[in-house]
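The structure appears right after this line, and notes come after that.
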Amino acid sequence: MPFKFLPRLRTAVQRQFRRPVVLFLLVLLWSAVLGWGLAQAQVPAPVGSIPTTPIDTTDQVPARYQLGQELYLKNCATCHVGLPPAVMPTQTWAQLLPDSQHYGVQLTPPDQVPLAIIWQYVSTYSRSNNTGEQTPYRLPQSRYFKALHPKVEFAQPANVQSCVTCHPAAAQFNYRSLTPEWEDAP
């Protein structure tokens, strides 16, 4: 037989061919397992299982916004009570947060990263003005503040310091607790 070398050549070619195929299959298997593991890590938590702040604050804040709330309170509620973001429109917060002239007081706004984290929290829990609506900078001018206090008659113009008159735990950012005369108010 003149072609005796063919069986040996065939097995040599098969061995050479088998190495890349085995390597490819191992890489494919490794990628699939890694992809599956990453997909499992990215599964969102069920809606009812989102951790919230342990205190009864105005907003029950999901974990992803808690740092923003903490930074907001640290930077804003040290001079006056922290207002819930919902009482002022988003446009007001957008101008107040980076401003160094804060109602006549010179202050240093937070650095960019904390400011961005605060902004994410505040913009999530505030609402936008209507088209053409003027941006309010005082509580009595805010339609959101008025909507939250529909039947409240204020003896003096409302301001951030007068919140504790009706909300005794406002200094702890708890606007849910009210003074006894307002507990059963409509």
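Bear in mind these aren't lab numbers, they're just calculated from the coordinates by the rules spelled out. Predicted model, so just to flag it, every value in this text is computed and none were measured. Heads up, the Cβs are rebuilt from the backbone with ideal geometry, glycines too, and the neighbour counts pull from every protein chain shown.
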Q: Calculate the spin-label point distance for residue 141 paired with residue 77, positioning each point 7 Å from the Cα along the beta-carbon direction, and give it in nanometres.
A: 2.5
Q: Give the residue from 65, 157, 97 lying farthest towards the positive end of the charge dipole for the stretch 63-183; charges sit on Cβ (+1 for Lys and Arg, -1 for Asp and Glu) and the dipole is referred to the Cα centre.
A: 65
Q.
Just to be sure I follow: if Rg is taken over the C-alpha atoms of the stretch 54-186 and Rh is the Kirkwood radius over the same atoms, what is Rg/Rh?
A. 0.95
